[in-house]
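Presented below is the structure to which this report refers.
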Amino acid sequence: MTSSQLQDRINSSVDFWLNSLDNYSMEELLAKPADDVWSVGQVYIHLWMSAKGFFFKNVVRITTNERTTTGSKNLPGWIVFTFGKFPAVKVKMPDSVAVQPNQPESKEQIVRKMNEVKTLAAQYIAQLPSLDPKLRTKHPFLGHLSAAEWIRLCELHCNHHRAQLKRIDKALGRNK
């Protein structure tokens, strides 16, 4: 995949979420179907947090050669990247790494954060040609990923959460 294609995929994925934001009032963004279920607004915050604090943080590690290896993806990693998506199952993160996203403060905050994902992706994608593609950092479930794969994972992650959006909407009686 070229840098331009990777940027287009990230932009398209984030644009889906930005365009979907128009379908919700602030009250609807904050509504939770149950105490142990995220609101739609929390999903948005999670997407931003994951991009900035996990996917792109690993790209930075590769750019600075911090804790890098030359390992490869494991079988689940090969499957995810071969098919270009996560399995259609709900995943519960281990408590040791699970982070409960805050509710958003406003729609404007969500827009800023989602646009930040696109901006950061563009900055890191621009660096890809200067990086050693053999340098990788370890993903807890997918094995060792390159900088380009971490960026692609951000896109796949955004797309994976579309199913969660549908589940929340259905639970709240918002069948869109």
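Among the candidates Gly53, Gly71, single out the residue that is modelled with pLDDT under 95 and part of a helix (DSSP H, G or I). Outline the logic, then answer.
Values: Gly71 fails: part of a helix (DSSP H, G or I).
Gly53 is the lone residue from the list that is modelled with pLDDT under 95 and part of a helix (DSSP H, G or I).
For the stretch 77-86, state whether one or more residues are in a helix (DSSP H, G or I), farther than 17 Å from Gly143 by Cα, small (Gly, Ala, Ser) and in contact with a Leu (Cβ under 8 Å, 6 or more places away or on another chain). Break it down into steps so the answer makes sense when it comes.
Residues of the stretch 77-86 that are in a helix (DSSP H, G or I), as a first pass: 77-83.
Keeping just the survivors that are farther than 17 Å from Gly143 by Cα gives none.
No: zero hits.
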Test each condition in (1) at pLDDT 90 or above; (2) on the phi < 0 side of the Ramachandran plot for Asn65 and report the one that comes out false.
(2)
Hits in the stretch 135-164 - residues which are under 14 Å from the mean Cα position of the chain (by Cα), among the basic types (Lys, Arg) and at pLDDT 95 or above
Arg152
Here is a check on your reading of the model: is Thr64 of a type in the set (Val, Ile, Thr) and either more than 18 Å from Ala121 (Cα to Cα) or touching a strand residue (DSSP E or B) at 6+ places or on another chain (Cβ under 6 Å) (or both)?
no
Conditions first: (1) closer than 20 Å to Asp8 by Cα; (2) at pLDDT below 95. Pro101 passes all but one, so which condition is the exception?
(1)
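Quick check, is Trp38 at pLDDT 95 or above and surrounded by 13 or more Cβ atoms within 10 Å (Cβ to Cβ)?
On the way: at pLDDT 95 or above: no; surrounded by 13 or more Cβ atoms within 10 Å (Cβ to Cβ): yes.
So Trp38 fails the test.
The values are calculated or read from the model by the stated rules, or taken from the named source; none is laboratory data. Remember, it's a predicted structure, so these values are computed and weren't measured experimentally. Because the Cβ atoms are built from the backbone with ideal geometry, glycine has one as well, and the counts that use them run over all protein chains shown.
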